[in-house]
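Report on the following structure.
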Amino acid sequence: MRILVISDIHANLTALESVLESAGNVDAVWCLGDLVGYGPDPNECIERVQSLPNLTCLLGNHDAAALGMIDIYTFNHDAQLSAQWTQAVLNHANHDFLSNLKEQAVIGNATLAHGSPRNPIWEYIMDTYTAASNFEAFNTQICLVGHSHVPLQFHLNSDSIHFEVLTDLSNVKIRDRMIFNPGSVGQPRDHDPRASYAILDNELNTWNIYRVSYDIESVQKRIQKFNLPARHALRLSYGW
Ligand code: ZN
């Protein structure tokens, strides 16, 4: 099976459509949360994600904020403004869809969580110390997480953990135990502004990161049109 793994779409429909076009035919889609927040297209992104084949979709911290499940005052000021706007525009059906999302899933040899298997909504896995304790928090061979918006891999081999930021066309062979992050569709933060996604092939046993350019300016114009924070438009040009 060729599985499209996406995360952190952040209400950026233009980036999402470019990723879907670039990925082509896939057998299943696993979405690791944060469909909304920051961007101008929350309803459109939720509806598009629901149309994808064999979908497994998780709840992220920004989705929880849009539902009023967490206190948005834990966010920085600009993220608060965008969460309030998202709460106001989210339609009933899409609110329902988000409120039914789970925090974690296990499919075959993979555990899926937005942040980490130990703390699915909040924890960032960005260093080997945090990765080490999280390898103890899941039982499958691999774990897929989002949240940091950076395509990463952690490889646990007997007692040592190796950590790498992945680049385009990474072609990683899955072995031992691994934690992967596909990067972010709608707001990359590794100084590469292109949308990021991964293809997990569970027959070839490979993980590949792909990057795809999209019309950033059109998204920035919509962010401006809805009076969302200018910083959220600017950062898309630079990937931070
Ligand atoms: Zn996010």
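All of the numbers you see were taken from the coordinates with simple rules; none came from a lab. What you see is a predicted model; the values in this text were computed from it and never measured. Here the Cβ positions follow ideal geometry from the backbone for every residue, glycine too, while neighbour counts run over all protein chains shown.
Odds and ends about this structure:
- Meets criteria (farther than 26 Å from R48 by Cα, more than 14 Å from the ligand (Cβ to nearest atom), over 19 Å from the mean Cα position of the chain (by Cα) and of a type in the set (G, A, S)) for S160: yes
- Region 16-38: number of residues that are within 15 Å of the ligand (Cβ to nearest atom) and either in contact with a helix residue (DSSP H, G or I) (Cβ under 7 Å, 6 or more places away or on another chain) or among the polar types (S, T, N, Q) (or both): 8
- Cβ pairs under 9 Å, 6+ apart, first in region 224-240 and under 14 Å from N12 (Cβ atoms), second hydroxyl-bearing (S, T, Y) and part of a helix (DSSP H, G or I): L228/S82; H232/S82
- Positions within region 75-89 being surrounded by 12 or more Cβ atoms within 10 Å (Cβ to Cβ), more than 18 Å from the chain's Cα centre (by Cα) and either closer than 16 Å to G33 by Cα or of a type in the set (S, T, N, Q) (or both), in sequence order: Q80, Q84, Q87
- Every residue from region 1-15 that is assigned to a loop (DSSP other than H, G, I, E, B) and either more than 16 Å from the ligand (Cβ to nearest atom) or on the phi < 0 side of the Ramachandran plot (or both): M1, S7, I9, N12
- Number of residues in region 149-167 that are over 12 Å from F180 (Cα atoms) and surrounded by 14 or more Cβ atoms within 10 Å (Cβ to Cβ) equals 1.
- For E44: the one exception among (1) within 16 Å of the ligand (Cβ to nearest atom); (2) crowded, with 17+ Cβ neighbours inside 10 Å; (3) over 25 Å from N205 (Cα atoms): (1)
- Check on G60, closer than 20 Å to L152 by Cα and either in contact with a His (Cβ under 7 Å, 6 or more places away or on another chain) or within 12 Å of the ligand (Cβ to nearest atom) (or both): yes
- A search for C-beta distances below 7 Å between a residue of region 178-197 that is over 11 Å from L144 (Cα atoms) and among the β-branched types (V, I, T) and any residue that is in a strand (DSSP E or B) and within 13 Å of the ligand (Cβ to nearest atom), counting only pairs 6+ apart in sequence or on different chains, returns V185/I6; V185/S196.
- Of everything listed in (1) within 15 Å of the ligand (Cβ to nearest atom); (2) out of contact with any helix residue (DSSP H, G or I) (no Cβ under 6 Å at 6 or more places or on another chain), the single unmet condition for Y197 is (2).
- Region 117-148, residues that are within 16 Å of the ligand (Cβ to nearest atom) and crowded, with 23+ Cβ neighbours inside 10 Å: P120, I125, L144, V145, G146, H147
- Count of residues meeting criterion [within 23 Å of N43 (Cα to Cα) and surrounded by fewer than 21 Cβ atoms within 10 Å (Cβ to Cβ)] in region 97-116: 7
- Residue match in region 97-105 (condition: within 24 Å of L234 (Cβ to Cβ), outside any loop (DSSP other than H, G, I, E, B) and not small (G, A, S)): no
- Of all residue pairs spaced 6 or more apart or on separate chains, those with beta-carbon atoms under 8 Å, a first member in region 6-20 that is over 13 Å from V219 (Cα atoms) and a second member that is part of a helix (DSSP H, G or I) and within 16 Å of the ligand (Cβ to nearest atom) are I6/L16; I6/V19.
- In region 172-225, residue surrounded by the most Cβ atoms within 10 Å (Cβ to Cβ) [restricted to those that are among the hydrophobic types (A, V, I, L, M, F, W, C) and in a loop (DSSP other than H, G, I, E, B)]: V185
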